[in-house]
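The values are calculated or read from the model by the stated rules, or taken from the named source; none is laboratory data. It should be emphasised that the depicted structure is a prediction, and the values quoted were computed from it without experimental measurement. In this analysis, Cβ positions are derived from the backbone assuming ideal geometry, glycine residues included, and neighbour counts consider all displayed protein chains. Keep in mind that these areas ignore ligands, DNA and RNA; they rest on the heavy atoms of the full protein, side chains included. Shrake-Rupley method; radii C 1.70, N 1.55, O 1.52, S 1.80 Å.
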Amino acid sequence: MLFNDIESLRFGYESHLFKVVRAQLGPNFPTANLEKTRNLLNIRRKDLLGEAVRVTADLLPEVHKIYQTCLDMIGGGLNGDLFVRQSKEYNANVSAHGKKFDLLIHSALLKDFEPDQLRFVFGHELGHVIFEHSCFPVYEILSDPKGISPDTANMLFRWTRASEISADRVGLMCCGKLGAGVTALFQTASGLSGIDEDLMIRSLQRQYEELEKRVREVHDDFSWICTHPMIPIRFKALELAALDILALRQGGGRKGFQKVDQQIGDILDAIDAA
Ligand SMILES: [Zn+2]
């Protein structure tokens, strides 16, 4: 394993929300829910075997090697398969039960993304597994919301969004290039590829700046936000943490992410609380 303290990469605001969610659902919830997540993984695997194609070393050697490198880098005994399915959408997702998982990538990513961008995407999805984000399967929990208060439901959504930032950090650990991570985010959000990297970065930078300005100016009226503007926030969180993550990747010391986590956590908190 390249990095033996993956936990310290976790976004501080996610850790905070995780504790809130766990307290609200009860400390036994993840254990009580084990059977359910195991079943979900089994159902999902059956679907994948039926409707997608498993990526093996002989079928797609390059892609498989990239995937395997990410898996080796993260370590932690993770054990799972990579599947690809036909789709023009830039998307990927993972389902997991403990250390077991299945990762699905859409074919458009394999066609249009560079190897380093794929490393970011694989690392991001494996980040969800290593951080055990599946222990609170939000959509399943809320599909049967008996006993779940609106406040808990809200906290679950907030935590899910924050968990994307933790997963991005593992993505950056795997690819080692901020540009690859940022362009992967941009392309996933826009559905566009082939744009100059500097232009993509500047575009996300401007959107983040506008968002931050509006959050500062409009303290109590967030009605202008109809969805959660996560892409510019994920961009900024990645950019601010990048130097430390890349130093860690080289085996350097850890300065910690408290300052970054505070800044990004404050923005999310302001939007979430609206
Ligand atoms: Zn994710």
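Tell me the accessible surface of K46 in square angstrom (1.4 angstrom probe, heavy atoms of protein chains only), to the nearest ten.
Probe radius 1.4 Å; accessible area of K46 about 150 Å².
Please report, in whole Å, how far the alpha carbons of the stretch 129-239 spread along each principal axis, starting with the longest.
49, 37, 21
Which aspartates and glutamates have a Cα lying under 20 Å from the Cα of K111, excluding residues fewer than 8 positions away in the same chain?
Those aspartates and glutamates meeting the cut-off are E51, D58, E62, D81, E89, E125, D196, E197.
If a/c stays under 1.5 just call it rounded; otherwise compare a/b with b/c (prolate if a/b is bigger, oblate if not). Do that for the stretch 96-156, with a ≥ b ≥ c from the square roots of the Cα gyration tensor eigenvalues.
Values: a/c = 2.91, a/b = 2.33, b/c = 1.25.
It is prolate, given that a/c is not under 1.5 and a/b is the larger ratio.
Could you rank the peptides 117-123, 79-85, 138-144 by their average count of other C-beta atoms within 10 Å per residue, with the highest value first?
117-123, 79-85, 138-144
Give me the net charge for the shell around D81: Cβ to Cβ below 11 angstrom, other residues only, Lys and Arg +1, Asp and Glu -1.
Values: positive: R45, R54, K100; negative: D102.
Surrounding charge for D81 is +2.
What does DSSP give for the stretch 6-272 in terms of the percent of beta bridges that are antiparallel, rounded to the nearest 5?
Details: 8 of 15 bridges.
The antiparallel proportion sits near 55 percent.
Placing unit charges on C-beta atoms (Lys and Arg positive, Asp and Glu negative, everything else neutral), compute the dipole magnitude of the chain about its Cα centre in debye, rounded to 20. Before the final figure, lay out each step's value.
Values: 32 positive and 37 negative charges, 116 e Å.
Taking the Cα centre of the chain as origin, the dipole is about 560 debye.
Ignoring ligands, DNA and RNA, what percent of the accessible area of the stretch 6-272 is carbon or sulfur (1.4 Å)?
That share works out to 52 percent.
Just the number please: accessible area per residue for the chain, 1.4 Å probe, all protein chains included, in Å².
Working: 13730 Å² over 274 residues.
Per-residue accessible area for the chain comes out at 50 Å².
For the pairs K46/K146; K36/K177; K46/K236; K99/K146; K19/K100, note any where the Cα-Cα span goes beyond 31 Å. All intermediate terms of the calculation are to be shown ahead of the outcome.
Working: K46/K146 28 Å; K36/K177 37 Å; K46/K236 38 Å; K99/K146 28 Å; K19/K100 23 Å.
Long pairs (Cα-Cα over 31 Å): K36/K177; K46/K236.
Is there a quick way to get the dipole size of the stretch 105-249? I mean about its Cα centre, with the Cβ of Lys and Arg at +1 and of Asp and Glu at -1; what is the value in debye to the nearest 20? Could you put the intermediate results ahead of the total?
Working: 15 positive and 21 negative charges, 23 e Å.
With only Lys, Arg, Asp and Glu charged at Cβ, the dipole is about 100 debye.
Over the chain, what is the relative contact order in percent, taking alpha-carbon pairs closer than 8 angstrom and at least six residues apart?
21 percent
Kirkwood Rh, the chain, all Cα pairs: how many Å? If you can, show how the numbers build up before the last one.
Values: mean 1/r = 0.0516 Å⁻¹.
Mean inverse Cα-Cα distance, inverted, gives 19.4 Å.
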